[in-house]
Amino acid sequence: MTPVVEAKNVYKSYVRDSSPPVEVLRGVNLKVQQGEFLTITGPSGAGKSTLLHILGLIDRPTRGEVFLKGRETGKMGDRERAEMRNRMLGFVFQAHYLLPEFTALENVSIPLIIQGEKAGTAKEKARKVLEKVGLGARLHHKPVEMSGGEQQRVAVARAIVHGPELLLADEPTGNLDRETGAYLMELLLSLHKEQGMTVVMVTHNQSLASMTQRVLKLVDGQLNEGERAPTPLGA
Ligand SMILES: Nc1ncnc2c1ncn2[C@@H]1O[C@H](COP(=O)(O)OP(=O)(O)OP(=O)(O)O)[C@@H](O)[C@H]1O
Ligand SMILES: [Mg+2]
C-alpha cells in the first residue's frame, strides 16, 4: 500500500552566517501507513519539530525526498505545496497559534473559508467539530477566555475540520497539566480509532507514547525503533 507520507534519506542543516552549519537530520527514513498512530520521541533539540515541519510541507529538506500519497513534493512549487498541505494535512503546533481576536467557531472556520467554503457552511462544519471535541459550550469564546486545554482542543478541531488524510501534532499536550493532557490524548486516540485518522505525534511523554501503535526515537539525526518493553519471563 502507498504510505500516506514517506521520507527517504532526509537531511536538514540550518546554516547561519558565521558558524558552521547545524546538521539536525542525517538520513531520516520513515513510512507512515494509512490508519497508523505513530509517536516520535527524542531529546529537546533533536530535530522533532524540524522533521514534523518537513513531513507537513511547512519546511523543505536540505537533501532527500518527501512523498505524500506517493507524490514527490520536493520539485513542487510553494503554491502547489501549500495547496496540498491545506487539503491533505492537519497540523497541531507546539504552541496553539489560535488567532486571539477570533472566537473558537471563527478560528475553526477559517481554514474552510480559505479553501473557498461559504461562511455559513464553514461555521456549521466548525460547530460540529467543536462539539465533537467537547467544546459545544465554548463556540463564541475567544482564546483568552478559554483554558489551555480548551485552546488546544480548538487547535485540534481546526486541524481536522477539513477532513485531512494525516494529522501531525507537535507536543500537543506539552503545555497542559497531566489530567488535561490525558484528556487531549484520549481525543486524539478516539479520532484514530473511530475515524481511522492517521496521526504522527511528537511527545516527550513516555506514558502517552506507549498508548500508540509505534514509537520511533530521533537520535543523532536518525529515527530508530524505540526500545520495546522487555518480554516477561516465561512468555
Ligand atoms: N530556523 C532555525 N535556524 C537555525 N537553527 C535552527 C532553526 N530551527 C531549529 N534550529 C536548531 O535545530 C535543532 C532542532 O530543533 P527542533 O526545534 O527541531 O528540535 P525539537 O526536537 O523539536 O526540540 P524540542 O523538544 O525542544 O521542541 C535545534 O538545535 C535548534 O536550535
Ligand atoms: Mg519541538
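Some points to look at:
Let's see how each residue does on (1) more than 16 Å from ligand 2 (Cβ to nearest atom); (2) more than 21 Å from VAL200 (Cβ to Cβ); (3) of a type in the set (Ser, Thr, Tyr):
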| residue | (1), (2), (3) |
| --- | --- |
| PRO3 | yes, no, no |
| LEU52 | no, no, no |
| GLY64 | yes, no, no |
| LEU99 | yes, yes, no |
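- One residue alone among LEU68, LEU38 is at pLDDT 95 or above, away from ligand 1 (no atom under 13 Å from the Cβ) and in contact with a Ser or Thr (Cβ under 9 Å, 6 or more places away or on another chain), and that residue is LEU38.
- Tally, over segment 41-63, of residues that are crowded, with 19+ Cβ neighbours inside 10 Å and more than 9 Å from ligand 1 (Cβ to nearest atom): 6
- Pair list, Cβ under 7 Å, 6 or more apart: segment 133-151 residue touching a residue at least 40 places away in the same chain (Cβ under 8 Å) and surrounded by 17 or more Cβ atoms within 10 Å (Cβ to Cβ), other residue in a helix (DSSP H, G or I) and basic (Lys, Arg): VAL133/ARG153
Residues checked against (1) among the aromatic types (Phe, Trp, Tyr); (2) not in a loop (DSSP other than H, G, I, E, B):
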residue	(1), (2)
PHE91	yes, yes
LEU98	no, no
GLU106	no, yes
GLY116	no, no
ALA122	no, yes
VAL144	no, yes
PRO164	no, no
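- In this entry, ARG79 passes the filter for residues that are more than 16 Å from ligand 1 (Cβ to nearest atom), farther than 17 Å from VAL4 by Cβ and free of Cβ contacts under 8 Å to residues at least 40 places away in the same chain.
- For segment 167-211, a residue qualifies if it is of a type in the set (Ser, Thr, Tyr), within 20 Å of VAL154 (Cβ to Cβ) and more than 15 Å from the chain's Cα centre (by Cα), and the qualifying residues are THR180, TYR183, SER190.
- Inside segment 192-213, residues that are more than 20 Å from LYS69 (Cα to Cα) and at pLDDT 90 or above make up a count of 9.
- Which numbered condition VAL24 misses (of (1) within 12 Å of ligand 1 (Cβ to nearest atom); (2) without any contact (Cβ under 8 Å) to a residue 24 or more places away in the chain): (2)
- Checking LYS12, LYS8 one by one, the residue that is within 16 Å of ligand 2 (Cβ to nearest atom), within 17 Å of LEU223 (Cα to Cα) and touching a strand residue (DSSP E or B) at 6+ places or on another chain (Cβ under 8 Å) is LYS12 and no other.
The values are calculated or read from the model by the stated rules, or taken from the named source; none is laboratory data. Predicted model, so just to flag it, every value in this text is computed and none were measured. When we count neighbours, we look across all protein chains shown, and the Cβ atoms used for this are built from the backbone with ideal geometry, even at glycine.
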